[in-house]
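In what follows, a single structure is set out as structure tokens and then discussed.
Laboratory data are not the source of any read-out in this text; all were calculated from the coordinates shown. Only a predicted model underlies this, so the values are computations on that prediction, with no experimental measurement involved. In this analysis, Cβ positions are derived from the backbone assuming ideal geometry, glycine residues included, and neighbour counts consider all displayed protein chains.
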Amino acid sequence: MVLHVLLGFLAGAGLGYAFFRGLATGTRLTLNGDARRTVPLHLLRIGGAVTGFTLAAMFGGAAALLGMLAGFQAAKEIAVRRA
């Protein structure tokens, strides 16, 4: 069970890093006037997050899902502090 939480945390941290890195890129593109490229980027970010959490729930159970959520939130905190 602890292994599931740890692996979920690592997967969530990686997913969160990619998610918030994509958010920063999309924001930069929008501010530079290239809004046409942001729509696919937003769809990819949201689809990736939904897919990641769904797979964690299906194959890892509640422990992996909670670990993944904790890792995702940790990545969010790091991204907010860097901004």
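The table that follows gives values for the structure above.
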{"item": "Cα→Cβ-extended label distance, 7 Å offset, between Asp34 and Ala18, nm", "result": "2.1 nm"}
{"item": "Three principal axis lengths of the chain [C-alpha, angstrom, descending]", "result": "47, 26, 11"}
{"item": "Ala79 paired with Thr25, simple spin-label distance in nm, labels 7 Å along Cα-to-beta-carbon", "result": "1.2 nm"}
